[in-house]
Amino acid sequence: METITKNFYLKLGISENALSAINKELALNAGLKLSPFARSRRAEMLKEAIAFPKGKNQEKRKITEIYKSGNFIIAVGKPGKEAAPDFKRKHYITGETMNNKNDMNPFIMINGKKVGNDLTFGALFEQIAELMRADMFGLELLGTLIFRMAFMLDHNRNQENKWRYIPPKRALAVLKKRLPEVGGVPIDVFLYFIDVLALNEDVKMHTLGHENAQHDYGRVNTLLTFAHLVAVLLNRRTLAKFSLAFAYPPFNQSPLPHTTKNISAIFPVLSPSL
């Protein structure tokens, strides 16, 4: 893969000022250990999610709102499908057959009504793949934000002292112009939704044996798989490497390798030396 420099972006019509501002906002701090940085934040958000109120069954779910943007609300309903008594999973450590009792159902509402059907990972992959036809720099920026989201780099405590995702302002402003929507919802709503989806993956891993976000299983590997897909669409990772990883642990996912050198080559605006 050829080295991507500032000139690459200038030829795409990205102004030097805009590129510099985005790079300053998104560049990774030198020496930052990503997984350890995220661990305590993930554990706190996981603990909060497990304590969300739960209804008696799938038909009587209790709803918890997590994000709001305009008329859109991103929420979870509990219990989720995997919490049903007859849903069978294997505990990752003991091998015991059990359900995922803490499962949640992430969804989007507008004006009080649910938007679309429950989205599978396959459906989300298709929505992201469609963005190739829209704007390649927008797609790259989306992948960059998803990578940062994996490690909760853009999460901050709200007024209730709870961790919440806050998209970087400059990057989001550019993204809204280049990719206004994904799958029929505004780009910021899409980002909030996949953050909640990633939270639910941490909940599942915790419930089934990988407790308290002590590993990258869950949020990190889920979102790095999305970032890996974007890297393939940008022609910065091969489809073969992306596809092959699904045949092996961790849990049939394909997380993007994230050494400093590797990730700066794939998403250059993360590099302090762009």
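The values are calculated or read from the model by the stated rules, or taken from the named source; none is laboratory data. Note that the coordinates shown come from a computational prediction; the quantities given were computed from them, not determined experimentally. FYI the Cβ positions are ideal-geometry reconstructions off the backbone, even for glycines, and counts take in every protein chain you see.
For this structure, a couple of remarks:
- Apart from one condition, I22 fits all of (1) farther than 20 Å from G143 by Cα; (2) surrounded by 10 or more Cβ atoms within 10 Å (Cβ to Cβ); (3) not aromatic (F, W, Y); the exception is (1).
- The range 168-200 - residue that is at pLDDT 95 or above and of a type in the set (D, E) and, of those, surrounded by the most Cβ atoms within 10 Å (Cβ to Cβ): D195
- Listed by first and then second residue, the pairs with beta-carbon distance under 6 Å, at least 6 apart or on different chains, first residue in the range 120-142 and part of a helix (DSSP H, G or I) and surrounded by 15 or more Cβ atoms within 10 Å (Cβ to Cβ), second at pLDDT 85 or above and of a type in the set (D, E, K, R), are G138/R178.
- Residue count for the range 196-252 satisfying the condition of being polar (S, T, N, Q) and in a helix (DSSP H, G or I): 7.
- Within the set N117, N71, the sole residue that is in contact (Cβ under 8 Å) with a residue 40 or more places away in the chain, exposed (fewer than 13 other Cβ atoms within 10 Å of the Cβ) and more than 18 Å from R219 (Cβ to Cβ) turns out to be N71.
- The single condition among (1) touching a residue at least 12 places away in the same chain (Cβ under 8 Å); (2) closer than 28 Å to N212 by Cβ; (3) hydroxyl-bearing (S, T, Y); (4) not in a loop (DSSP other than H, G, I, E, B) that T94 does not meet is (4).
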